[in-house]
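What follows draws every value from the coordinates through simple rules; no lab data is involved. The model shown is predicted, which means the values in this text are computed figures rather than measured ones. A quick note on method: Cβ atoms are made from the backbone with ideal geometry, for glycine too, and the neighbour counts reach across all protein chains shown.
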Amino acid sequence: MAKKQTNGGNGLDHRRDEVQAIIDRACDQLNSDGVSPRDYVEQLAWLFYLKAFDEMETQRAVESAFDDAPYTRRLDGEYRWASWSAKVDKPDEMFKFVQTDLWDKLQDLGDDAIGQRFRRIFSSVKNHSRKGTAFAKVVQHVNRLDFSANTDVIILSELYETLLKKVASDAAGWAGEIYTPRHIVQLMVQVIAPTIKDRIYDPCCGTCGFLAESASYVRKNSKQLGGEDMDHFKEKMFNGRELKSLSFLLGHMNMILHQVEGAKLIPSNTLEAHETNTSEKDKYSVILSNPPFGGKIAEAPRHFIVSAKNTEILFLQHIMTNLAVGGRAAVVVPEGVLFRGGADQKVRQRLLENYNVHTVLSLPAGCFRPYAVVKTNVLFFERTKNQAGTKSVWFYELTNDGFELSTTRKPMEGSQIPDFLAKIGKREEGDNSWSVPIEELVERGYDLSAKNPNQENASKIRPAKELLQSIKTKEAQIVELMDELEEIL
C-alpha cells in the first residue's frame, strides 16, 4: 500500500478526506439500493476500471498527437465513459444503455490481450444496481475521482485496499482466498527487496497485494527511472495467475491504482497450467505468494515431480520450478508443510538440496484470523547460480506481530518485526532467533518447523491468550492429520 505522503500538508489531507467521502457516499448509495458489501466492491471495481481506462486512452491520444500518430480508441463514441456517464440527468436511459449495448461491447473488443481481458472481466461481473436513479448517483460519485492525477491514485490505492480488507474481514474469506495481512506483505517484500530489473510473479495473485506492494517498493527505492525502465515496469515486470473472476478484476484495478497498467495477469488454474520443464527465459527472478492452503485435489496431478493432493505442496513445487537461477522467493506455508511426511517431506528434501533456504519465519498462531487459525510460516529461499543447496537455516520465532491474536486483531505494542528485519541480514542469534545446520535438519527428516532452543520453558511464561490460541492451532493440526489418515484408510 502506498504510504501517506507528508508533502503538500493540509492540501493532501483535505483531498484524502474528500476521496474518502466520495467512496463512502458511493458505498452508502449502493447499500441503500440493496447491494451487499461484497457486491458493491465488485461494482466500484468495474466502474473504477472503465473510468481509469477512459482516462488512460485520453492520455495516449494526447501523446500520440505529438508524434503525428493518431491513437485509435478501443471504446469510442457513445461507448466512452465520458459520453455515457454524462447522462446522469437521464438515469433510466443510461442504465439501459449500460445493461445492454455497453455490456455487449465490452465483451467484443477483439482477441488480443486487452480484448480478452475485457471479455474475461465483463462476462463474469455484473451491474448490481437495481434502479437507474441509484446507479446514476453512484456514477456521479465516481466521476469526481481523477485517475490521471497522481495524488488521487495514491489516495485511492490506500482507501481501495482498506475497503478490500474490510469486506474480506466481514465475510471471512469471501472470495475463497485468505487475505494476507498488509504488514506481513510489506515484511516479505522488504526482505526480498525487488528492483527495477526483476520480473515478479505470484501464481495465485488474488487482489494483487504482493504485486502492488512490490510496485510501491520499487518506486520508492529506485532512482529516476528512464523510458526503458518505465516500459519494463508497466508492461513486463509484474506477472500473476488467478482463477476467480472477481479477484481477477479486483487485482487488475489494484494494479492500475498502483500505476501499473499492463500487469500480465492470466485468468487460469495455476496447478492445471503447471509445466515441469519450464524454459529458463520464462522463469521469474522474484516470486512472492501466499498460496491457498487446506485444499485438496480429487486426483493427484501427474505433471508434478512429487505427486500430491494438497494444494499447498503443489503450489510450492510450482514456485520452485518457476524460480530463475539467481532468483529469490518468499512463500507463506501452513505449519504442516514443514513437518509432515510423505509428499511434503520429499518436496522439503528437494528444496533443501537444490535451493538455499536461508530463513524460516514462524508467524504467530492466529496471524491470519479471522480467515484461518492454522499456524503459518514464511519460507525465504534462493536458487543460487551454482545450484548449491542449503548449508544452514536461520529461524526466527515471531510471537508478536504488532496485533492481538483475537479475531478483531487490534494493534498492540511490542511488535518483533523491527527486530526480525534488523537481524536477518547478518542472521544474528538471540532469544527468538537461531541457526540449524543442514546435517541436523537431515537427521530430523528435513523437518523445518521452528523449535526454539532458547525457550524450553517458554510455556510457563507465555500469556494466557497466546497459550489458548496455541492449543486451538494444535487441535486444527490434529484434525488435519486425522483427515489425511482417514483418507489413507
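Could you give the length gained on full extension between Asp282 and Lys105, defined as 0.36 nm per residue of separation minus the Cα-Cα distance, in nm? Write out the running numbers ahead of the final one.
Working: separation 177, 0.36 × 177 = 63.72 nm, distance 3.36 nm.
Between Asp282 and Lys105, full extension yields 60.4 nm more.
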Can you list residues from other chains, or at least 5 along the same chain, whose modelled amide H is less than 5 Å from the amide H of Ser285? Arg199, Ala324
State the answer as a single residue: which of Tyr49, His128, Ser85 lies farthest towards the positive end of the charge dipole of the stretch 10-164, with beta carbon charges of +1 for Lys and Arg and -1 for Asp and Glu, about the Cα centre. His128
Stretch Asp89-Tyr71 to full length: gain in nm at 0.36 nm per residue minus the Cα-Cα span? 3.4 nm
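What is the sum of charges around Gln107, taking Lys and Arg as +1, Asp and Glu as -1, for the other residues whose C-beta is under 13 Å from the C-beta of Gln107?
Details: positive: Arg74, Lys105, Arg117, Arg119, Arg120, Lys126; negative: Asp101, Asp104, Asp108, Asp111.
Local charge sum for Gln107: +2.
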Vicinal HN-Hα couplings computed from phi for the stretch 311-326 (Karplus, 6.51 cos²θ - 1.76 cosθ + 1.60; Hz; Gly/Pro x): 5, 5, 7, 6, 5, 4, 5, 4, 5, 4, 5, 9, 8, 6, 4, x
Could you list which residues have their amide H under 5 Å from that of Gly240, counting only those 5 or more apart in sequence or on another chain, with H placed in the peptide plane? Asp202, Lys264, Leu265, Ile266
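If we count every other residue with Cβ under 15 angstrom of Val325's Cβ, Lys/Arg +1 and Asp/Glu -1, where does the sum land? Don't skip to the answer; put the middle values down first.
Values: positive: Lys197, Arg199, Lys281, Lys283, Arg328, Arg383, Lys385; negative: Asp198, Glu280, Asp282, Glu382.
After counting each charged neighbour, the total is +3.
Could you calculate the contour length gain from His303 to Lys391, that is, 0.36 nm times the residue separation minus the distance between their Cα atoms, to one decimal place in nm?
On the way: separation 88, 0.36 × 88 = 31.68 nm, distance 2.95 nm.
Length difference between fully extended and current span is 28.7 nm.
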Would you compute, for the Cα atoms of the stretch 6-110, the largest minus smallest coordinate along each principal axis and list the three values in descending order, in whole Å? 42, 42, 26
In order over the stretch 129-143: 3J(HN,Hα) from phi, Karplus 6.51/-1.76/1.60, θ = phi - 60°, whole Hz, x for each Gly or Pro, gives 5, 9, 10, x, 5, 5, 4, 4, 5, 5, 4, 4, 5, 5, 5
Order of Lys137, Lys234 from fewest to most other C-beta atoms within 10 Å? Lys234, Lys137
